[in-house]
Amino acid sequence: RGKRAFIAGVADDNGYGWAIAKALAAAGAEILVGTWVPALNIFETSLRRGKFDESRKLPDGSLMEIVKVYPLDAIYDCPEDVPEDVKANKRYAGSSNWTVKEVAESVKNDFGSIDILVHSLANGPEVTKPLLETSRRGYLAALSASSYSFVSLLQYFLPIMNPGGASISLTYIASERAIPGYGGGMSSAKAALESDTRVLAFEAGRKGKIRVNTISAGPLGSRAAKAIGFIEKMIEYSYVNAPLQKEMLADEVGNTAAFLVSPLASAITGSTVYVDNGLNTMGLAV
Ligand code: NAD
């Protein structure tokens, strides 16, 4: 049978999660997605109404099938963690079983196991603030949504991942070089994600023969990136300064993810892989 993938962090057809889903579907994988609870309604409605049909098209002309969409909020591990006001919130009360533990249980009940786990989500409520002006609460929220969410997903999904499987997350070079504008502790969150990639590669490798890698992706005008506010400037900066002067397509990240979770990458684990037209290698703006 083909491989089964769970992709956390798909809520429209613009971001890296969608592109990764498509690349995996094109390679024959069965696609399950986890969609942030507040974005669930509009995503499912758009899917149903055919709004994404054009971008569901795979290279062979068929349309990507999303076998199931699971509501997910990756800042909560289990129902006991959910505050009362969130429970009472209309959008949250309208769905159920969306904590990480419950989603893993639902996937297990529905499908038994998965082969591929993708983490393509981040959130930093104070991302537009410089680190020097970031509150403790904002900093910890960025880490919770953008870094610990991966630890938690792998923790709960590892027991249902088939040996030989792999996981992928998405990171950004602001973890290792100062990128003014990527604030609110998001740079710290990406540094944690990359460090955790190495430690989790060891632990998941030994425990379940699972590989763990992260893709350091170049700038893309996704919904999340537009919220940060300077994405057009970053895209322009990359175009001017990177070794490869071309637009960076989400599909290029999708294809790399498909490679990294495939047997072609069977000895790659714990790595941060750059998919950025080579921008990370430059030491001088030109
Ligand atoms: P995106 O908006 O497509 O994806 C982010 C997703 O995270 C959204 O679908 C959002 O609903 C979801 N999300 C937010 N909080 C959540 C939570 N608590 N639980 C579950 N889902 C939640 O944007 P994207 O830019 O494609 O982001 C995907 C990943 O790529 C992120 O990790 C991001 O940091 C990373 N990345 C993006 C860029 C870029 O320039 N766009 C560059 C490098 C890395």
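Return, ordered by residue number, the residues of the range 2-27 whose backbone nitrogen is under 17 Å from a label point located 7 Å along Cα→Cβ of Glu54. From the range 2-27, the list is 12-15, 19. Mean residue ellipticity at 222 nm, helices only, the chain: -11500 deg cm²/dmol; runs of at least 4 DSSP H residues each add -39,500 (n - 2.57), and the sum is divided by the number of residues. Taking a 32 Å limit on the Cα-Cα distance, which of the listed pairs Lys22/Lys209; Lys226/Lys246; Lys3/Lys90; Lys101/Lys209; Lys207/Lys233 fall beyond it? With Cα atoms farther than 32 Å apart: Lys3/Lys90; Lys207/Lys233.
How much length, in nm to one decimal, is gained on full extension between Glu84 and Thr281, taken as 0.36 nm per residue of separation minus their Cα-Cα distance? If you can, show how the numbers build up before the last one.
On the way: separation 197, 0.36 × 197 = 70.92 nm, distance 4.74 nm.
Full extension of this stretch gives 66.2 nm more.
Output the DSSP H helices from the chain with an along-axis C-alpha extent of no less than 18 Å and a mean Kyte-Doolittle hydropathy no less than -1.0. Kindly include the intermediate steps, with their values, before the conclusion.
Values: long enough: 186-208 (30 Å, -0.25).
Going by DSSP H runs, the hits are 186-208.
Antiparallel beta bridges, as assigned by DSSP with both residues in the chain, represent about 5 percent of the total such bridges.
Just so you know, the Cα atoms of the range 143-286 work out to an Rg and Dmax of 15.6, 49 Å. For the range 143-166, the residues whose backbone nitrogen is under 13 Å from a point 7 Å from the Cα of Ser113, taken along Cα to Cβ, are 158-166.
For the range 100-258, with all protein chains in place and a probe radius of 1.4 Å, 55% of the accessible heavy-atom surface sits on carbon or sulfur.
Any idea of the accessible area per residue across the chain, 1.4 Å probe, to the nearest Å²? Let's see the in-between values first.
Values: 13870 Å² over 286 residues.
On a per-residue basis, the chain sits at 48 Å².
Can I get the semi-axes of the chain's equivalent ellipsoid? Compute them from the C-alpha gyration tensor as square roots of 5 times the eigenvalues, in angstrom, largest first. If you can, show how the numbers build up before the last one.
On the way: eigenvalues 139, 106, 81 Å².
Over the Cα atoms of the chain, the ellipsoid semi-axes are 26, 23, 20 Å.
Label-to-label distance, Ser62 versus Leu249, with points set 7 angstrom from Cα along the beta-carbon direction: 2.1 nm.
The values are calculated or read from the model by the stated rules, or taken from the named source; none is laboratory data. Because the structure is a prediction, the values reported are computed rather than measured. As a convention, Cβ positions derive from the backbone with ideal geometry for all residues, glycine included, and neighbour counts pool all protein chains shown. Please note that ligands, DNA and RNA were not included when accessible areas were found on the heavy atoms of the full protein model with its side chains. Shrake-Rupley method; radii C 1.70, N 1.55, O 1.52, S 1.80 Å.
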